[in-house]
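One structure is given below, encoded as C-alpha cells.
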Amino acid sequence: MRLPRFPLALRAALIALILPALAVAAGTPAGTSISNQASTSFTAPDSAQTLQVASNQVVTVVQAVCAVSVGPDGTVARPSRTVTVQAGEGAVFPYTLVNAGNAAHTLALSARLEAGSTATPTLRVVHDRNGNAQADAGEPEVTALTLDADARADVLVLAQSGEIQGSAWVNLSAACPGGQVDDNNVAQLQVGPPPELSVSKSFTPALIAPGSETAVAIRAVNGGAGESRALILSDALLTQAASGLEFVPGSASASAGTLEYTADGATWSPAEPPAVRGVRVRVAALAPGGTLRLDFRMRALPAAENRVISNTVTLEGGRVPQSASASVEVRYQPDVAIGPVGRPQAPELGSDDQQTRPLAAVRQPVCFDHTLLNTGDVRDAYTLTVLAPQATVTLLTAAGTPLAQPLPLDPGQSETVRVCYVLTQAGALDALVTATGARGPRNATRDVVTQVEDRLPELRKSAVATTTAVDGTPVTVPENGTVTVDDTITYTLSVRNPYAQALTQVVIRDTVPAHLDITDAGGGTVSTGPAPQTVTWTVPTLGPGETVTVTMTTRVSTRAVDGEALLNTFTFSSHELPTLLASNEVRTPVWSARLVVSKTVSAKEASYGDLLTYTLQITNASTTTEIRDAVITDAPVAGLEYVAGSSAVDGTPISDPATANSTLRWTVPTLAAGQTVILTYRMRVTPAASGDLVNVVEVTGTGGGGTARAVASNRATAVTRLSLLRFAPLADITGTVYVDRNRDGRFDPAIDTPVPRARVLLAGGRQAVTDAQGRYSFLNVPQGTQALRLDPVTTPYPPLRVPRDGGLSGTQTVNVTGLTGVDFPLAPLGGEVTALRRTTLRMGDVRLEKAVYAVAGGYAVTLRLSTPQPLADVKLLDPLPPGAALKDGGHSYAGTLPAGETTWEYTFTWDGDPRAATTDPILTWSP
C-alpha cells in the first residue's frame, strides 16, 4: 500500500492513524470495532498562537484476514535441509504449519517436486499429531488442515524414492482459501544407488560322520554401488543342538563388526557362554563390493547319526530381511579297498589290481599277500571270500597264523592278509578275492597263476660219512652206521627241473645241524654267527630238464651228543615257485659213549672166614651223554658169600643187591657224563672155596639222547688166592672219633660230637676213614699188640689227655683179642667245656641238633643241621636268653643249604641261671 503526498507533519499524523489500524487488523480477531480520532495542533502564519484542531471520530470494524506460514523456508538454490537416501528408501521432511490470520481457516496443503528434479519420489503429507517427526500408525494423510487463528500444526512430507537415482526438490505448499500461498519451503532429497545385499551359507563338508566336525561359512555380500545401513548377520542354533549338532567352543570368527552369542536365543552378549545356541555379527555398514564373513565349526554328536540337519541364517538391516539355508548330512561312509600289498586302492579288477605268478605246482601252496584297507570313516568288520574252484584256500595273517574273521579295522587302518592256494589240478588259476564289510561296502582283487604243473622239481640229498682208523687212514662208515666226534660227513644235493620252461632265481639252502662244523661249503655262501649255520647256493637259471648238483663237507663237532641223530634236509625255491620245497631227510646217528669199570680186592690171599672188600670204580666215559639204569653184575665163584648190609656207593650205604642164580645185581639210576662212582661191598670166604677166588664184574646201561642205545662196560676181574697156611687167629678193631665235650674219656651220644672223615692209621699201612657218625673199623687184624694213630691233619680238634691213663688220645696201643674197641676222644676248641643240654629237632628227614656248653666267660653253642636234599629259602634263628650278649659267631641264618650236614658255632655271655641258658631254635624252609 502506498500513501498520498501530504505535508510532513500531516503525513506523520496520518501514518499514526493508519498503522494502528493495520496492526489491529493483523492480530485482532475479526469483528472487533476499532474507534479512532485524530487531532493536530498548529500555529497560524499571522499569529503566534498555537491552535489545536480535532478530527471527527472514525469507527472501524476488523474484517477476517487469512494468513498462512510454513517453516522452515527454503528454495531450490538454498534448500532448508538435504536428506540422502538409497534408491527405494523413504525420507521424512518435518514442517510447521501456522495460521497467521485472525480467524479460523482451512488451509490447503500439497507437496510437489520442483522443476529440475531428476529423482521422482512419491510424496504424501501426513499430520504429525504427536509431533515426534515420525509417521506413526493412525496419523492420517491430509490435503488440508483447519486451524484457529494463531494455531499451528506439525506436518510431515513423506518422500518414498523409487529406483531412479538423482536429486529431488521437495516443496510443501500451504494456501489460504482464495488467497495467500506459502510455497517457499523447499528441501532436497538425494537418491543414491542402493546396496544389493545377498547372504549365503554352506557346510564344508556337507556330509560328516558322528564325532566329526564341519566348517560353517556364512557370507553377506553388498553387490551394489551404495553402502548399506547397519546389518545384523545371525544364525540361530537351537534346532541344530536339539538334533545333535553342537557348536565347537571358541571356533567363531568374523571379518568385521561385533561378534555376539546367545545361550537362549533371546539375550545376546559378546561373551561366549558354555552352551552356544546362536551366533551373530553386527556391523554399522557394509561398503559397496564388501563381504561380511562369519565362520564357526559344528560337531556331530552320536545322536545326529543318519540325520539331515538344516540351518537358516538371516541378514537384517536391508530394505528386506534376507535369509539363506544349508544342510549337513550326518552319517558314516563305510568303504573298503583290497589289492596287492601297498596298492589296496588300485582301480578294482584293473591291471594294477591283479597279482600274477607264472608257475605253480599241484598240491603245493602258492600264496599272495594283499593289503586290506578301511577307506571309510567308521570302524567296520570285514569278511574275505575267495572264488577259486580249482584250489583249496587258506586265509592267513602276515605272520602265517590263521586269519580270524570278521577282521575289525578302524578308519584308515590296514592289515596284510595272505591268501594261500593248494592247487588241485593242472591248468591255470584265476581267483577272485572279495572283502565285504559288515556295513555293506565291497571291493575285490584278482590272483592269477598262469600255469599250474602237476609235477614238482626233483630234490635229492645223500650223505657219505668217513671216520679215521687206528692207523690214521680214512674209512667210510657203512650205510646207517654211526659217527663220532671228528668224523667227516659229505652231503650231496641235487635239483632237477622237470618243466618245459626255465626256473629262474633258484635258491638252494641247507641249514647244517648245530653239531656239525662246515669244512667246505662247495661254493655256497655260509651265514655268519654261531651254529646252526646255513649254506646258500644261488642259480640264476635252471633250464628245462636241467639238473644242478652241489656238495658240502662237514665235521662232527665236540658239541655232538651221544644218541642224537644228525638230521639234515635242504630247501629249494625259485621266482616261479617261491614256496619252499624240502628234500628228503638224511639221518646220521652219533654214538661214542662207553662204560669203564675197574675192580680191586682188599687182600691177595685169604683163608676160610676171611672178609674180602671189593671196590668197583665205574666211569661213564662219555663227555655228553648220561647213562641211565646202569646194572652192575657180579658173578662170584663158589666159596664167596656176600655180606649183607656191606654195599655202599661213594661211602653212602645202599640196598643189598638183587640175587639170582648166585649173581649179584646193583642198579645205579643215572651216571652223568664223565661221572665216576665207587661201589664197595664185602664177601666172606666159606669152606666151599678152593683154588683162586676169581670175581668178575660187568656194567650195562642205556645211553640217553635222542636215540637210546645199550652200553656195556669192559669186564673187570679181581683174584684172591686161597691160602690155608695163612690161617691164624684174627680179630676186628672198631671205634669212634669224637669231640669229648665233658672230657670224661667216654663217648656220650647226647653230649659228644662225632667227627666224620677223620683218618685212622693201623701199624702196617692199613687206614680207615670215619663215617658220618665218626665210626671206623679194621677187619681181620691179627690178634696181639697193635698200634693205631689218628691223622692230625684230618681233624681240627687236638688230642685229649685221657683221664684213665694220662696219655694223649692221638696215638693208641692196644692188645687186640676178638672184637676190640679203640676210641679217639678229642678236646673241644676254646678250653674246657661243660655240656649243659643237647636238643634235637626233626621234621621228616631234616634234623637240627643243638648243644650248649659252659665255657670260660660264657657259653658256647653248636648247631648241626642234616638234610638228604638241598633246602631253599632257609630261615634259622636260635634265640639268645633274655639279657644275653653275643660274643662271636652268628645265631641266625637265611639262604639255601646243600644236601648233607651244615654246622654253626657261636658264643655268648650271660649272668642268668645256667639252667635257663638253653633256648629252642626256630627253623623254616620252602619245600
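At a 10 Å Cβ-Cβ cut-off, how would you order Leu147, Leu349, fewest neighbours first?
Numbers: Leu147 19, Leu349 14.
In increasing order of surrounding Cβ atoms, one gets Leu349, Leu147.
When a/c reaches 1.5 or more, the comparison of a/b and b/c decides; with that in mind, is the range 70-192 rounded, prolate or oblate per its Cα gyration tensor?
Details: a/c = 2.33, a/b = 1.60, b/c = 1.46.
Note, shape of the range 70-192 comes out prolate.
Quick one: grab the alpha carbon gyration tensor of the range 336-449, order the square roots of its eigenvalues as a ≥ b ≥ c, and give me rounded if a/c is under 1.5, else prolate or oblate depending on whether a/b is larger than b/c. Don't skip to the answer; put the middle values down first.
Working: a/c = 2.15, a/b = 1.68, b/c = 1.28.
Verdict is prolate for the range 336-449.
Using the Cβ atoms and a cut-off under 14 Å, what net charge is assigned to the surroundings of Thr633, where Lys and Arg are +1 and Asp and Glu are -1? Intermediate results must be reported in sequence, preceding the final value.
Working: positive: Lys599, Arg665, Arg715; negative: Asp629, Asp634, Glu698.
Here the charged neighbours net out to 0.
Could you work out how far apart the two model spin labels at Ala263 and Gln364 are, taking each label as a point 7 Å from the Cα in the direction of the beta carbon, and quote it in nm?
Distance between label points: 7.6 nm.
Sketch the reach of a paramagnetic label on Arg559 as a point 7 Å from Cα along Cα-to-Cβ, and name the residues of the range 509-539 whose backbone nitrogen lies under 14 Å away.
511-519, 527-535
Between Thr394 and Thr525, what is the label-to-label distance in nm when each label sits 7 Å out along the Cα-to-Cβ direction?
2.9 nm
Work out, step by step, the length gained on full extension between Ala133 and Thr794: first 0.36 nm times the residue separation, then minus their alpha carbon distance; give nm to one decimal. Mind dumping the intermediate values first?
Working: separation 661, 0.36 × 661 = 237.96 nm, distance 13.70 nm.
Answer, rounded to one decimal: 224.3 nm.
Over the range 460-542, consider all pairs of different Cα atoms and compute the Kirkwood hydrodynamic radius from their mean reciprocal separation; express it in Å, one decimal. If you can, show how the numbers build up before the last one.
Working: mean 1/r = 0.0668 Å⁻¹.
Value: 15.0 Å, from the Cα pair sum.
So what is the 222 nm mean residue ellipticity for the chain from helices alone, if each DSSP H run of at least 4 adds -39500 (n - 2.57) and you divide by all residues, rounding to the nearest 500 deg cm²/dmol?
Values: 2 runs with 25 residues, N = 927.
Estimated from H runs of four or more residues: -1000 deg cm²/dmol.
Take the Cα of Ser198, step 7 Å along the line toward its Cβ, and report every residue of the range 209-242 whose backbone nitrogen sits under 16 Å from that point.
Counting backbone N atoms under 16 Å from the label point, the list is 218-226.
Tell me the net charge near Asp410. Cut-off is 11 Å between Cβ atoms, Asp410 excluded, with +1 for each Lys or Arg and -1 for each Asp or Glu. Display every interim value, and only then the final one.
Working: positive: Arg379; negative: Asp377, Asp380, Glu415.
Summing Lys/Arg as +1 and Asp/Glu as -1 gives -2.
In what order do Trp910, Trp591 fall by count of nearby beta-carbon atoms within 10 Å, going from fewest to most? If you can, show how the numbers build up before the last one.
Details: Trp910 16, Trp591 22.
So the residues, fewest neighbours to most, are Trp910, Trp591.
Which of the lysines could a cross-linker bridge to Lys875, judged by Cα under 23 Å and excluding same-chain residues fewer than eight apart?
Partners found: Lys850, Lys887.
Could you list log10 I(q)/I(0) for the chain at q = 0.08 Å⁻¹, which the Debye formula gives when each Cα is one point scatterer?
Scattering profile of the chain, log10 relative to I(0): -1.04.
Can you sort Ser234, Ser622 by how many other beta carbons sit within 10 Å, fewest first?
On the way: Ser234 19, Ser622 25.
Lowest count first: Ser234, Ser622.
Compute the Cα gyration tensor for the range 730-826, then decide on rounded, prolate or oblate, letting a ≥ b ≥ c be the square roots of its eigenvalues: rounded whenever a/c is under 1.5, prolate when a/b is larger than b/c in the other cases, and oblate in all that remain. Intermediate values should be presented prior to the final figure.
Details: a/c = 1.64, a/b = 1.43, b/c = 1.15.
Because a/c hits 1.5 or more and a/b exceeds b/c, the range 730-826 counts as prolate.
Suppose every K and R has +1 on its Cβ and every D and E has -1 on its Cβ; what is the size of the dipole of the range 458-589 about the Cα centre, in Debye to the nearest 20? Spell out each step's value before the answer.
On the way: 7 positive and 13 negative charges, 60 e Å.
Dipole of the range 458-589, to the nearest 20 debye: 280 debye.
Tell me the net charge near Arg357. Cut-off is 10 Å between Cβ atoms, Arg357 excluded, with +1 for each Lys or Arg and -1 for each Asp or Glu.
Details: positive: none; negative: Asp447, Glu576.
Surrounding charge for Arg357 is -2.
Taking the Cα centre of the chain as origin, work out the dipole magnitude from +1 charges on Lys and Arg Cβ and -1 charges on Asp and Glu Cβ, in debye rounded to 20.
Charge dipole of the chain: 1260 debye, to the nearest 20.
Assuming R0 = 25 Å, can you tell me the calculated FRET efficiency for the pair Val53 and Ser33, based on Cβ-Cβ distance, to the nearest 0.05?
On the way: r = 25 Å, r/R0 = 1.00.
So the FRET efficiency works out to roughly 0.50.
Please give, to one decimal in nm, the separation of the simple spin-label points placed at Lys604 and Thr143, each 7 Å out from Cα toward the Cβ.
About 17.4 nm, to one decimal.
Which FRET efficiency value, to the nearest 0.05, is calculated for Val475 and Thr511 with the Förster distance at 22 angstrom and r the Cβ-Cβ distance? Please report the intermediate quantities before stating the final value.
Numbers: r = 28 Å, r/R0 = 1.27.
Approximately 0.20, to the nearest 0.05.
Can you return the aspartates and glutamates within cross-link range of Lys461? Criterion is Cα-Cα under 13 Å, with same-chain partners fewer than 8 residues away left out.
Counting by Cα, and skipping residues close in sequence, Lys461 has these aspartates and glutamates nearby: Asp510, Glu585.
Rounded to the nearest 0.05, what FRET efficiency is calculated for Val341 and Thr569 with R0 set to 25 Å and r the Cβ-Cβ distance?
Numbers: r = 30 Å, r/R0 = 1.19.
FRET efficiency, Val341 to Thr569: 0.25.
No value in this document is a laboratory result; all are computed from the given coordinates. This structure is a prediction, so every number in the text was calculated from the model and none was measured. Cβ: placed from backbone, ideal geometry, glycine included. Neighbour counts: every protein chain shown.
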